[in-house]
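Chemist: I'd like to ask you about the structure that follows.
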Amino acid sequence: MCYSLAAKRRHELYRCKYHSSKSAVLSVNNRSVKLLSSASASLYFEWEAVKAEDGGAASYEVVFDKSTGDFSKPLYKIVSDNNGFSSGATITHKILNRIAGLAGIASGSTGEVKWTVVASRGINTIKSDQSALLTITALQGFADLPDEVFITGEGSETGTNLAQAMPFKLNAAGEFEIYTRLEAGKAYYFTDRNNGTPRIFYSDNGSSLKEATETGAITASKTAVYRINLDFNTATIAYTEITSIGIFFSPENRVLFNLPYQGKGIWRGTGVVTFRQESWGRDERYKFQMQTVANGANVVAQLGTVTGTDSPPTASSPASYYYLRVLPNVSQWDDKWKFMPAVDGKSTTISIIMQGTAPYTHSVQVN
């Protein structure tokens, strides 16, 4: 086998080439990366493709260990791009931060990890006999990620009774989200349990997430409904004010009526939806539109289907038909649902439920 290791970020390329039948690799030393909290931040690792005897394609894993390790018990393994068949791997800063934590590099500190490549072809596997060093400045994240998070306190919807604290939704390891109302001038905080003596998390600047040794709290400056996103990988907190959510009727490209917030992640409203007559029939397509304020700017977002559909629901439609998500783009027609025929011209109550214990969804009830 013959391949080389390299790592690049943006237009930088860190190379360590070798040519040997025994997979020798020249170490890369004194290369460093300061990790960023952006979800798109990544580092690209590259090596020369293996030349297999049968001419077939090998698959690869990038393997990480402590700087003093020998890869017999690696800290982390990740397949290369293209499901393992590329001679390069795009590894996000969040994963590198996790690797740094496994290597004992404290949050915000700098340390070294070792990496190499394992190539496989059929039942044959070979690890490079040399490795590369990478110096990482870790994010200000948490090494011990909570499995659950709750919001409690006088400023929260459920008050100071910890047993009634509202749960966040787990979006990914260490990443949590909740839709809830906060009361201005009243304190609230986050916990990893809703019983006993939980860990307490808070922020003193509205953007950095911290763990309290005994007590800690946040005070909202405005009574409003918010989407709160916590990322324990990067120790960050983000707030988006939700000013309104309405039923968006695609044929008319507008919001028909708003759904007032009811509490605990539920919006509900009643109105009449009259389908639009077209030459081919009645147009019943819809989704939801959300008015938000993020970082002081007004931002329009939409909520649409998770599963994708071009048919109205029936009595036997699965619950997943109504599942919803925040869409990446605002449009008139994409990711919409269709109302059932009974809705046409009738008073209808529509509810959106975005709670931490179940998939985000909605319901449509003809009155």
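The values are calculated or read from the model by the stated rules, or taken from the named source; none is laboratory data. Everything quoted here is computed from the prediction, not taken from an experiment. Here the Cβ positions follow ideal geometry from the backbone for every residue, glycine too, while neighbour counts run over all protein chains shown. Just so you know, the surface numbers come from the protein's heavy atoms only, side chains and all, with ligands and any DNA or RNA stripped out. Shrake-Rupley method; radii C 1.70, N 1.55, O 1.52, S 1.80 Å.
Chemist: Please list 3J(HN,Hα) in residue order for segment 168-174, calculated via the Karplus relation 6.51 cos²θ - 1.76 cosθ + 1.60 where θ = phi - 60°; whole Hz, with x for glycine and proline.
Modeler: Couplings: 7, 8, 7, 8, 6, 3, x Hz.
Chemist: Now, a different point. Using label points projected 7 Å from each Cα along Cα→Cβ, tell me how many nm separate Thr137 and Ala238, to one decimal.
Modeler: Here the answer is 2.2 nm between the modelled labels.
Chemist: Also: Classify segment 126-273 from the C-alpha gyration tensor, please: rounded if a/c falls under 1.5, else prolate or oblate depending on whether a/b exceeds b/c.
Modeler: oblate
Chemist: Expressed in nm to one decimal, what extension gain is obtained for the pair Gln164 and Ser67 from 0.36 nm per residue of sequence separation less their Cα-Cα distance?
Modeler: Separation in residues times 0.36 nm, less the Cα-Cα distance, equals 30.3 nm.
Chemist: Quick check: residue separation of Ser208 and Asp283 times 0.36 nm, minus the Cα distance between them. What number comes out in nm?
Modeler: Contour length minus the Cα-Cα distance gives 22.3 nm.
Chemist: Would you kindly work out the equivalent ellipsoid of segment 245-367 from its C-alpha gyration tensor and give its semi-axes, the square roots of five times the eigenvalues, largest first in whole Å?
Modeler: Largest first, segment 245-367 gives 22, 17, 15 Å.
Chemist: Now for a separate question. Which ³J(HN,Hα) values in Hz, rounded to whole numbers, follow from the phi angles of segment 333-347 under the Karplus curve 6.51 cos²θ - 1.76 cosθ + 1.60, where θ = phi - 60° and Gly and Pro get x?
Modeler: Result, ordered by residue: 10, 5, 6, 9, 10, 10, 5, 5, x, 5, 6, 3, x, 10, 5 Hz.
Chemist: Now a separate question. When the chain is treated as a GNM, springs tying every alpha-carbon pair under 10 Å, which of Ile200, Ile242, Ile78 comes out with the largest mean-square fluctuation?
Modeler: Result for the chain, Cα springs under 10 Å: Ile78 fluctuates most.
Chemist: Right, here's the next one. Where the centre of each part is set by its Cα atoms, how far does segment 285-301 sit from segment 123-200, in angstrom?
Modeler: 25
Chemist: Over segment 49-202, what portion of Cα pair distances is larger than 24 Å, expressed as a whole percent?
Modeler: Cα-Cα pairs of segment 49-202 separated by over 24 Å account for 52 percent.
Chemist: If we count every other residue with Cβ under 13 angstrom of Asn367's Cβ, Lys/Arg +1 and Asp/Glu -1, where does the sum land?
Modeler: Local charge sum for Asn367: +2.
Chemist: Moving on. Stretched out fully, how many nm does the piece from Arg254 to Thr357 gain, at 0.36 nm a residue minus the Cα gap?
Modeler: Computed gain between Arg254 and Thr357 is 34.0 nm.
Chemist: On a 21 Å Cα-Cα criterion, which of the cross-link pairs Lys34/Lys127; Lys114/Lys210; Lys51/Lys127; Lys73/Lys114 come out too long?
Modeler: Lys34/Lys127; Lys114/Lys210, as the Cα separations exceed 21 Å there.
Chemist: Rounded to the nearest 0.05, what FRET efficiency is calculated for Asp147 and Ser37 with R0 set to 25 Å and r the Cβ-Cβ distance?
Modeler: The formula returns an efficiency of 0.75 here.
Chemist: Under a Cβ-only charge scheme (Lys and Arg +1, Asp and Glu -1), can you give me the dipole magnitude of the chain about the Cα centre, in debye to the nearest 20?
Modeler: Taking the Cα centre of the chain as origin, the dipole is about 340 debye.
Chemist: Using a 1.4 Å probe, what is the accessible area per residue for segment 169-246, in Å²?
Modeler: Result: 43 Å² per residue.
Chemist: Given the options Glu183, Glu214, Glu154, which has the most mean-square fluctuation in a GNM of the chain, springs set between C-alpha atoms less than 10 angstrom apart?
Modeler: Highest fluctuation of the listed residues: Glu214.
Chemist: What percent do you get for the relative contact order of segment 82-137 when only Cα pairs under 8 Å and 6+ apart count?
Modeler: 30
Chemist: Using Cα pairs under 8 angstrom and six or more residues apart, how large is the relative contact order of segment 161-253, in percent?
Modeler: Across segment 161-253, relative contact order equals 28 percent.
Chemist: Carbon and sulfur: what percent of the chain's accessible surface (1.4 Å probe)?
Modeler: About 47 percent, which is the carbon plus sulfur part of the accessible surface.
Chemist: Let me ask something else about it. For the chain, what is the relative contact order in percent, using Cα pairs closer than 8 Å and at least 6 residues apart in sequence?
Modeler: 11
Chemist: Same structure, new question: Round to the nearest 10 and give me the degree value, 0 to 90, for the angle of helix 93-102's Cα axis relative to the longest principal axis of the chain.
Modeler: With both axes taken from Cα atoms, the answer is about 60 degrees.
Chemist: So if I restrict to the alpha-carbon atoms in the chain, what is the Rg, and what is Dmax, the biggest pairwise distance, in Å?
Modeler: 25.6, 76
Chemist: Mind running the shape call on segment 137-190? Use the C-alpha gyration tensor, a ≥ b ≥ c as the square roots of the eigenvalues: rounded below 1.5 for a/c, prolate if a/b tops b/c, oblate otherwise.
Modeler: prolate
Chemist: Shifting gears a bit: So for Tyr60, Tyr44, what's the accessible-area order with a 1.4 Å probe, most first?
Modeler: Result, largest first: Tyr44, Tyr60.
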